[in-house]
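Every number in this text was worked out from the coordinates using simple rules, so none of it is lab data. Please read all numbers here as calculations on a predicted model, not as lab measurements. Quick reminder, even Gly has a Cβ in these numbers, built from the backbone with ideal geometry, and neighbours come from all protein chains shown.
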Amino acid sequence: MEDIDTSRCRAEYAAAIVEDLHWLGITWEGEVRVQSQHFPDYAAALARLQARGLLYPCFCSRAEIAAAQSAPHGVEAPYPGTCRHLSPALAAERIAAGAPYALRLDAAKAIAETGPLRFHEDGIGWVQAQPARLGDVVLARKDTPASYHLCVVHDDALQGITLVVRGEDLREATHIQVLLQALLGYPTPAYLHHRLLLGPGGKRLAKRDKSQTLRELRAAGTKPADILRQFGDIT
């Protein structure tokens with residue numbers, strides 16, 4: 001259960017997800033792992049990277065990062081590296097003064113340490129990992145002690161996951177996650193990225209657009225087989 005954003009995630013949302021999956025007839029082995037209950041695990045993995053000099057503090061606000069980027073409209077460019085070369089003394093001074101900061105992975109240094117990497121995509125074959133495309137990603141913030149990338153990499157390894165199936169909107173994330181797996185000594189699973197179910201006009205479904213939920217479909221009389229048929233069409 002990916003609930004590291006404790007300001008937005010609530011117990012009732014998690015319960016609804018489990019209920020919807022049971023309604024669809026989807027089951028799983030063992031207890032559901034709840035990420036917010038395992039922050040010390042992620043902190044330990046983060047500390048291993050920090051001890052090797054692979055992380056640096058970033059004091060840039062989101063507005064400052066957006067102003068420094070030159071990517072086309074609607075495309076998120078990699079972090080421009082503004083804080084990458086701050087002196088340790090200056091960084092420590094700003095931290096001591098209470099300045100908010102995030103911890104970023106020094107991608108170039110990490111890639112130099114691991115060398116070339118690859119992963120297997122079902123239906124495609126071996127893919128050369130290109131983590132530099134995502135740049136120096138955030139691995140922790142003051143209000144979120146671990147990022148999505150770090151948490152899922154750790155959890156997949158801990159749970160012995162051999163195949164990750166997810167939407168194609170997360171295909172790019174695979175490149176940086178393969179790098180983290182190599183840095184932390186974790187095995188790399190195989191991946192399968194399926195097409196997304198889209199709403200009217202070809203737009204991806206999102207809560208902010210008030211897209212119809214599974215609960216609403218159930219209330220309208222939709223059967224599990226109807227939902228599973230749609231998923232069968234996108235794999």
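Once the piece of chain linking Lys142 and Arg195 is laid out straight, how much longer is it, given 0.36 nm per residue of separation minus the C-alpha distance between them? Write out the running numbers ahead of the final one.
Numbers: separation 53, 0.36 × 53 = 19.08 nm, distance 3.40 nm.
Full extension of this stretch gives 15.7 nm more.
Could you order peptides 9-19, 78-88 by the average number of other Cβ atoms within 10 Å of their residues, highest first?
Values: 9-19: 12.0, 78-88: 14.5.
In decreasing order of mean packing, 9-19, 78-88 become 78-88, 9-19.
To make sure I understand, if each residue's beta carbon is the centre and we count other beta carbons within 10 Å, what order do Glu113, Glu31 fall in, fewest to most?
Details: Glu113 14, Glu31 6.
By the 10 Å Cβ count, ascending: Glu31, Glu113.
Near Lys142, which aspartates and glutamates are there with a Cα under 20 Å away, not counting those fewer than 8 places off in the same chain?
Output for Lys142: Glu2, Asp3, Asp5, Asp41, Glu64, Glu93, Asp106.
Please list 183-191, 146-154 highest first by mean number of surrounding beta-carbon atoms within 10 Å per residue. Let's see the in-between values first.
Details: 183-191: 16.2, 146-154: 22.0.
Ranked by mean Cβ neighbours within 10 Å, highest first: 146-154, 183-191.
Quick one: angle between helix 224-234 and the longest Cα principal axis of the chain, in degrees between 0 and 90, rounded to 10, please.
50 degrees
Taking only Cα atoms, what is the 0 to 90° angle, nearest 10, from helix 148-158's long axis to the longest principal axis of the chain?
Once rounded, the angle reads 70 degrees.
For helix 11-24, what angle does its Cα long axis make with the longest principal axis of the chain, in degrees from 0 to 90 and rounded to 10?
The two axes meet at around 40 degrees.
Among Thr6, Gly167, His85, pick out the residue whose Cα is farthest towards the positive end of the charge dipole of the chain, where Lys and Arg carry +1 and Asp and Glu carry -1 on C-beta, about the Cα centre.
Working it through, the farthest residue towards the positive pole turns out to be His85.
Tell me, what is the percent relative contact order of the chain, built from C-alpha pairs under 8 Å that lie six or more residues apart? Provide the component values of the computation, followed by the final result.
On the way: 265 pairs, mean separation 46.5, N = 235.
Averaging sequence separation for qualifying contacts and normalising by length gives 20 percent for the chain.
Taking a Cβ-Cβ separation under 4.7 Å as the criterion for a possible partner, which cysteines of the chain have none?
Cys9, Cys60, Cys151, each lacking another Cys Cβ under 4.7 Å.
For a bin width of 10 Å, list the pair-distance distribution of the chain built from all Cα-Cα distances, rounded to whole %.
6, 25, 34, 24, 9, 1, 0
What is the order of Leu103, Leu90, fewest Cβ neighbours within 10 Å to most? Could the numbers behind the result be given before it?
Details: Leu103 21, Leu90 11.
In order of increasing Cβ crowding within 10 Å: Leu90, Leu103.
Below 14 angstrom from the Cβ of Thr82, what's the summed charge of the other residues (Lys, Arg +1; Asp, Glu -1)?
Numbers: positive: Arg62, Arg84, Arg94, Arg104; negative: Glu64, Asp106, Asp136.
Summing Lys/Arg as +1 and Asp/Glu as -1 gives +1.
Using just the helices of the chain, give the 222 nm mean residue ellipticity in deg cm²/dmol: DSSP H runs with n ≥ 4 each add -39,500 (n - 2.57), and the total is spread over all residues, rounded to 500. Walk me through the numbers on the way to the answer.
Working: 9 runs with 91 residues, N = 235.
After summing the helix terms and dividing by the residues of the chain, the value is -11500 deg cm²/dmol.
Once the other residues with Cβ under 10 Å from the Cβ of Gly167 are scored (Lys, Arg +1; Asp, Glu -1), what is the net sum? Intermediate values should be presented prior to the final figure.
On the way: positive: Arg166, Arg171, Arg195, Arg204; negative: Glu168, Asp169.
With Lys, Arg at +1 and Asp, Glu at -1, the neighbours total +2.
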